[in-house]
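Each remark here refers to the structure printed beneath this line.
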Amino acid sequence: MAFVIRLLRALPLLILSPVLFLFPPVALLLTDLAWLLLGRRKLPRNARPSTQAATIVIPNWNGRGLLEKYIPSVIAASTHHPGNQILVVDNGSTDGSVELLRQRFPQVDVLPLPANLGFGGGSNAGFRAARNGVVVLLNSDMRVEPDFLPPLLDGFTDENVFAVSCQIFFSDPAKVREETGLTQGWWRNGGLRVRHRIEEKLDQPFPCFYGGGGSCAFDRDKFLELGGFDHILSPFYLEDTDLGYLAWKRGWKVLYQPASLVYHEHRGTIGRKFSPDFIQSVIQKNFLLFAWKNIHSWSMLSGHFFFAYAGALFSLLLGDSPERPNLVAQAKAFWQTPGACASRWRARSLRVVDDREAFLRPLGAYFRDRFQTLPASPDRLNVLFVSPYPICPPVHGGAVFMHQTTQVLAGLTDLNLIVLLDAHWEVEPHSDLFARARSAEYLVRMQGQNRQRGSIIPHAIHEFENEDLHWLIHKQTYCRQIDILQLDYLPMGQYRGNYKQLGVFLFEHDLYFQSIGRQLPYMSGILRRAAAAFEYLRAIRYELRLLPHFDRVQVCSRDNKRYLTSFLPALSPKVDDNLRAGIDTAGYRFETEDRRPDTMLFLGSFRHLPNAEALQWFVQKVMPLVLARRPQARLTVIGSDPPPKHSLPDWGGSIDLQGFVDDIRQPFADHAVFVCPILSGSGVRVKLLEAFASGIPVVSTTLGAEGLAGTDGEFCALADSPEDFAARIVDLFDHPAEAAAMSRRARAEVEANWDMPTLTARLVDSYRSVIQQKRKGRRPRPQTGQKHAG
């Protein structure tokens, strides 16, 4: 019934909808064509305003009670300098507001207007009448701290600062804090999205998308140069958002100043005068007009019109939503199309950067990259290392690489960490690592989110899509003055940036699409294999498109590089295969004597599917062949998240399933043979490096030893069939002297080419090479003259 009522009410607009939706894009297109023929760009007149004093402008409409309540705090805050001015712009009030001000607060200047010009019109009049170069615009329902003004004035540090916004709290502490002053804006699904972010740790000025119109300081000349608040957005809302976006496109800055505190009685004026439905209809209309005025990229604007029409139909079917405009909002915006075209012409004349750049610059990392002049050769690099998994304890091979790399990096650079965890209890094991870092942040990520089956983006990428992580990377890059962004694992690649001065590196622990492709033959079930095949296709498309956007891509081995560049030959100069895969060899005691006879060791995290597959293959197909020749043989299985014991054959108690152990060095030291029966996956197996360093003889599949050993018996025994694998194990049992000689060659190989301190020093050299060449205006070139590791 609700749908029928909505349909009947909207039927006239539905009939007219083709006109409502076709006329605006045609009008905007004609406006753009005319501007290309006749328009002229107006260059900005950049100058830093005087910050000795400010004019505080307060628009008012029938707000006598609010003025009486909050003006005293504004007066108290303005007494520190005699040049400060308080100017109340009265929008034709009929409640005695002007009389109150003149009788009770004679130190306040009053600009009475004959009619209500709305928030935007009244504010514009106040800016024109202000006598100072900095104008602080306040809502009449704002209480301010006595020292709120100096931090705002201090924010105008150079000629490019357009606005400095206050930190906002609600007068009622019990209310949900919907606005803070720290604004974000982004373009998604054909429309502008905005929000206020709560960030209690921020203690310095920080870029934001726009300065809130009721709690922000503006450069008066720049405000007037932009034309002030646009009348097409009257009677209220989005005027400040529109102005902030115009400022970013003009090449200016908008900052959030957390040290300037104000308290807002939320919608103290508008909420008393207008109904919620009317307020919402104005907001939806203004979001449409914002796009029509400001978005000059037609690839973005075409998506806007598609989603706007589809959203209106969805609203008709399912009911209204703040996320999409309905037909009423479309009709209201339609009637303002001529005004939108005029505003679009003016906005195009003011533009210095394009739309995509304007959305990037308010982000912390882009702000640092675009506005700050960074040294080509810093004395000590600031590195931000981002891990999608816990690093401590190092329960899987990737964690070993990350843990040992960060241990060394902390001594060579100023290391800053962001680590994603699965639970809060995982923080404590990182305490030593966090203490060594210059800064450390963590997020407990939500698992099982963002599974989008119809998307062309791989599931592994969606799984790590997190707005809070995106924000945290930008915050830390700005606040910690980061030079290098080191992203580990492919899913972190989505947080790269197109930076001109900052270096961005990706470590591919394995080649994701190659790893999936190798798993396909071992998967059972048509549906499971079909899903994996679809993920493979998504992965190869995504990975090959993503990697060229990095300054360097670090892979584990020459084999990985060869395979990757067979798809992307042009990527070869950016791919480093000798910087990240390694271990701290000194941390492993080399031991070839006193090993327990006829014992085998399997190691691996069982959250990694290739390890689970390898164990099943070994215990089902290899183990019985070993037992047939050595009935006393025993297998120890170590690793986090082990399979249930009943899922493995018993073989007379010959399998010891231990799970995770704190220190694997003792098992490495006392077992006779290490087995690596890996059948799928990609990259270098850390377990083999650890085994080589520890002196335990190794039997591996050819794929398991990929990148480390290619000749049977040189560093480890190689076998790919169950019969050969079992035979090589027994052969090592029978010939301990030959096994020890092979182990000594393996240890020497690790020391020479896979030692983490050496690799990490080389990694830092790579960091420096990239930023030196970027900051000198040259493209990074590959390093030469280095010995290949492995």
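The values are calculated or read from the model by the stated rules, or taken from the named source; none is laboratory data. The structure displayed is predicted, hence computed values, not measured ones. Neighbour counts are summed over all protein chains in view; Cβ atoms, including those assigned to glycine, are modelled from backbone coordinates with ideal geometry. In case anyone asks, the SASA skips ligands and DNA or RNA and just uses the protein heavy atoms, side chains included. Shrake-Rupley method; radii C 1.70, N 1.55, O 1.52, S 1.80 Å.
Compute the helix-to-body angle for 298-318: its Cα long axis versus the longest principal axis of the chain, expressed 0 to 90° and rounded to tens.
80
How do the peptides 35-44, 509-518, 96-105, 286-295 rank, highest first, by the average count of neighbouring beta carbon atoms within 10 Å per residue?
286-295, 509-518, 96-105, 35-44
Ordering 776, 687 by accessible area with a probe of 1.4 Å, largest first, what comes out?
776, 687
Students often check this: by mean Cβ neighbours within 10 Å, which of 247-259, 303-315 ranks highest, and how do the rest follow?
Taking the mean over residues of other Cβ atoms within 10 Å, the ranking is 247-259, 303-315.
Where does the chain land on Rg(C-alpha)/(2.2 N^0.38 Å)?
For the chain, the normalised Cα radius of gyration is 1.16.
Among 650-657, 207-214, how do they line up from the highest to the lowest mean number of other beta-carbon atoms within 10 Å?
Per-residue mean Cβ counts within 10 Å order the peptides as 207-214, 650-657.
Report in % the part of the accessible area of segment 550-646 that belongs to carbon and sulfur, leaving out ligands and nucleic acids; probe 1.4 Å.
Exposed carbon and sulfur together represent 53 percent of the surface.
Relative to the compact-globule scaling 2.2 N^0.38 Å, provide the ratio for the alpha-carbon radius of gyration of segment 617-732.
So the Cα radius of gyration is 1.02 times the expected 2.2 N^0.38 Å.
Just need the relative contact order of segment 116-223 here, percent rounded to a whole number, with Cα pairs under 8 Å and 6+ apart.
Reported as a whole number, the value is 36 percent.
Considering Cα pairs under 8 angstrom that are at least six residues apart, work out the relative contact order of the chain and quote it in whole percent.
10
Need the list of lysines near residue 201 for cross-linking: C-alpha distance under 27 angstrom, and skip anything on the same chain fewer than eight residues off.
Filter leaves 175, 253, 475.
Quick one: what does P(r) look like for segment 337-445 with 5 Å bins over all Cα pairs, in whole %?
That works out to 2, 10, 15, 15, 12, 10, 9, 7, 5, 5, 5, 3, 1, in percent per bin.
Convert 10 °C to kelvin, take the viscosity as 1.306 mPa s, use the Kirkwood radius over C-alpha pairs of segment 559-668 as Rh, and evaluate the Stokes-Einstein diffusion coefficient in µm²/s, rounded to a whole number.
My calculation gives 94 µm²/s for D.
Rule-of-thumb check for segment 465-530: C-alpha Rg over 2.2 N^0.38 Å?
1.55
May I ask you to give the percent of accessible area on segment 64-160 that is carbon plus sulfur, with a probe radius of 1.4 Å?
51
With a cut-off of 8 Å between alpha carbons and a minimum separation of six or more residues, what is the relative contact order of segment 273-408 in percent?
For segment 273-408, the relative contact order is 21 percent.
Please work out the Cα convex hull volume for segment 438-570 and give it in Å³ per residue.
134
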